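Have a look at the structure below, then the notes.
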Amino acid sequence: MSTESTRSSPDASLVPPRIPLADGGWLSGIALGTWKLDHDAARAAVAESIRAGYRQIDTAARYHNELGVGQGIRDAGLAPGEVQVTTKVRGGDQGHDETLRAVESSRRILGVDAIDLCLVHWPLPRLDRYVDTWRALVRLQADGVVRSIGVSNFSLEQVDRLVAETGVAPVVDQVELHPRLPQEALRAGLAERGIVAQAWGPLGRGKGLLDAEPIVAAARAHGVTPAQVALRWLVEVGAPPVPKSGDAARRRQNLDVFAFALTPAERASIATLATGERAGKDPSIDEEF
Ligand SMILES: NC(=O)c1ccc[n+]([C@@H]2O[C@H](COP(=O)([O-])OP(=O)(O)OC[C@H]3O[C@@H](n4cnc5c(N)ncnc54)[C@H](OP(=O)(O)O)[C@@H]3O)[C@@H](O)[C@H]2O)c1
């Protein structure tokens, strides 16, 4: 297994496998997170990361970096269709007509003909506009403005309400997922419905997950880093992760998780970390606009 010290130059073998989506589209096995990167940092990071092997970039209207993300994708110069971009409808833009306007704004700022994957960022049940928001995404997909549509931070009940009221299921639910918050019931329910659970906060957002003994021990055993173990665990449970790093060597390292496998004993040891502790907001309580 190679780490950043031995994989310092672009290497086509680091391109992650594609994960098929129920609508015929695909998701990359590892996507690049961009939260907290401003336009300039995002532009440089995205271009460098695509050269290193990333094929999906995760942004959101709320990250205020769609301009830099779009420029970074163009700077990398790959053929159209080789790199996908995900963006998200922020809480303050929920509602049918608001969403139509917001997605068109994101599309123009990103500078793309069509957005590859567009998610409803948070369900915001108190607002009760996520069904209208979803109807707008269904229309935008039919119009070809968006290729695939999904949700983020949704429960199974909320997903089922979308299907009951519109007849269209999301293809992705992007949720907080890592060994402390394995979300087994949610993952199983999404899998039954043919929806991919994509993992945000996969490294525990710098809050000590990577210092946990089962992760450190597995990293030592495989000659990799704790971050690579956390990402490998997600790959093995079928939840493609979206790690973010502001550092080029770490971003390359975070792609390099397909050449080793955790043992059953390591997986059992990592399972003891499942306290349910969140590193981010709880969508059943917290709100984000
Ligand atoms: N849908 C949603 O509601 C939602 C919510 C939150 C996040 N997201 C998406 O998910 C992405 C990832 O989540 P996140 O950024 O919150 O958390 P994360 O990826 O779990 O953690 C990022 C932290 O880990 C550090 N890190 C990265 N690679 C590392 C490595 N190899 N070794 C050690 N530390 C490493 C980063 O530091 P450095 O940058 O200094 O390397 C940063 O402090 C976001 O960027 C965003 O695109 C979506």
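State the number of residues belonging to segment 50-86 that are among the aromatic types (Phe, Trp, Tyr) and more than 14 Å from the ligand (Cβ to nearest atom).
Residues meeting the conditions: 0.
For residues that are part of a helix (DSSP H, G or I), out of contact with any Ser or Thr (no Cβ under 7 Å at 6 or more places or on another chain) and within 13 Å of the ligand (Cβ to nearest atom), scanning just segment 172-225, find the one that is most open to solvent (accessible area, probe 1.4 Å).
Asp211
Would you check if there is a residue in segment 156-170 being at pLDDT 95 or above and closer than 29 Å to Ala212 by Cβ?
Yes.
Return the residue satisfying two criteria in turn: it lies in segment 238-275 and is hydrophobic (A, V, I, L, M, F, W, C) and free of Cβ contacts under 8 Å to residues at least 60 places away in the same chain, and of such residues it is farthest from Val172 (Cα to Cα).
Ala265
Table: residues versus (1) among the basic types (Lys, Arg); (2) open to solvent by 30 Å² or more (accessible area, probe 1.4 Å).
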{"site": "Arg107", "(1), (2)": "yes, yes"}
{"site": "Leu110", "(1), (2)": "no, no"}
{"site": "Pro123", "(1), (2)": "no, no"}
{"site": "Arg126", "(1), (2)": "yes, yes"}
{"site": "Asp143", "(1), (2)": "no, yes"}
{"site": "Gly150", "(1), (2)": "no, no"}
{"site": "Asn153", "(1), (2)": "no, no"}
{"site": "Val168", "(1), (2)": "no, yes"}
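When you go through Gly25, Gly53, Gly77, Gly33 one by one, which is the residue that is within 17 Å of the chain's Cα centre (by Cα), surrounded by fewer than 20 Cβ atoms within 10 Å (Cβ to Cβ), modelled with pLDDT of 95 or more and not aliphatic (A, V, I, L, M)?
The unique qualifying residue is Gly25.
Does Ala164 meet the test of being part of a loop (DSSP other than H, G, I, E, B), hydrophobic (A, V, I, L, M, F, W, C) and closer than 30 Å to Trp134 by Cα?
Against the criterion (part of a loop (DSSP other than H, G, I, E, B), hydrophobic (A, V, I, L, M, F, W, C) and closer than 30 Å to Trp134 by Cα), Ala164 does not qualify.
Out of all the residues in segment 237-248, is one or more aliphatic (A, V, I, L, M), near the ligand (Cβ under 10 Å from one of its atoms) and under 17 Å from the mean Cα position of the chain (by Cα)?
Yes, the conditions are met somewhere in segment 237-248.
The values are calculated or read from the model by the stated rules, or taken from the named source; none is laboratory data. Only a predicted model underlies this, so the values are computations on that prediction, with no experimental measurement involved. Glycine also receives a Cβ, built like all others from the backbone with ideal geometry; neighbour counts cover every protein chain displayed. Note: accessible area is taken over every heavy atom of the protein model, side chains too, but ligands, DNA and RNA are not part of it. Shrake-Rupley method; radii C 1.70, N 1.55, O 1.52, S 1.80 Å.
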